[in-house]
Amino acid sequence: MNPFTIRLAFHGDLPFFLGSKVSTVERQLSERTSVKDVIEACGVPHTEIDLILVNGQPVDFAVILTQDVEVDVYPPNEIRSPFFPEDRLQVCDIEKFVADGHVGKLVRDLRLLGIDVAYDPLVEDQQLVRIATSENRALLTRDRRLLMHAIVRHGYYLRSQDPLEQTLEVLRRFDLGSALAPFTRCLRCNAPLEPAEKANVIGQLEPLTKIYYEQFRRCSGCGQVYWSGSHFEKLQKRIETIRSHLTGDSAE
Ligand SMILES: [Zn+2]
């Protein structure tokens, strides 16, 4: 097979993955290669890609390249992308997630907002990939090799190392702003919270809590009891901070 040249243009924020200030890459190939493999060889996981054009025509990940072509690659939510609604590669109705073991603060934020996030700080990579696939959860990670596993269908590479920025990134990427339900999910184990009668949780309460509080929620998974005590104000503040940054976006 004669060598051929693939010219790739990465749009939106995808040049972030290229590790330099350029947004175009040229690859010389001498064997048939899927467009997905060519793109991932540039460092961009397939979970970050919503639209691929080969010589201006939309294609899916499996299309095989055999000759000189121009490839345009677009991320989700890229307002300047051409409009090919039938050819999008990411689905937009993801509501369940699994996070890798290094983003505990992000997980806490998302659970606080009521979002379903599986998390185990000790989980092995292979198991993480398996949970994402078998439970149809989007994988949240700062390890792009994990996102390049062929069986991972949905995921997101966290750009920031700051938990607040990461939370905002996930809310924007998966358009979760209208789906938030604060204080409905256990921060420890992710199970939904249920209203609980005081009489049924009184054995788990500190003396002053018994006196001052009447309304309680209990985790349906681990049994943790929640009430609007001093920790509640801190959590409420965190939610307000997140919400104000999110609405700040739309005002721009
Ligand atoms: Zn729990």
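Odds and ends about this structure:
- Strands (runs of 3 or more DSSP E) within region 1-87 that include 3 or more residues open to solvent by less than 20 Å² (accessible area, probe 1.4 Å) and in contact (Cβ under 8 Å) with a residue 60 or more places away in the chain: 4-10, 69-74
- Checking each residue in region 101-123 for being closer than 14 Å to residue 166 by Cα, modelled with pLDDT of 95 or more and not hydrophobic (A, V, I, L, M, F, W, C) picks out 104, 105, 108, 109, 111.
- The single condition from (1) in a loop (DSSP other than H, G, I, E, B); (2) closer than 27 Å to residue 233 by Cα that residue 108 fails is (1).
- Candidate set from region 146-187 (those that are open to solvent by less than 40 Å² (accessible area, probe 1.4 Å) and polar (S, T, N, Q)); member that is farthest from residue 228 (Cα to Cα): 160
- One residue stands out in region 111-139 among those that are of a type outside the set (Val, Ile, Thr) and assigned to a strand (DSSP E or B): the one that is surrounded by the most Cβ atoms within 10 Å (Cβ to Cβ), namely 139.
The values are calculated or read from the model by the stated rules, or taken from the named source; none is laboratory data. What you are looking at is a predicted structure, and each value in this text was computed from that prediction instead of being measured. Virtual Cβ from ideal backbone geometry, glycine too; neighbours counted across all protein chains shown. Heavy atoms of the whole protein, side chains included, go into the accessibility calculation; ligands, DNA and RNA do not. Shrake-Rupley method; radii C 1.70, N 1.55, O 1.52, S 1.80 Å.
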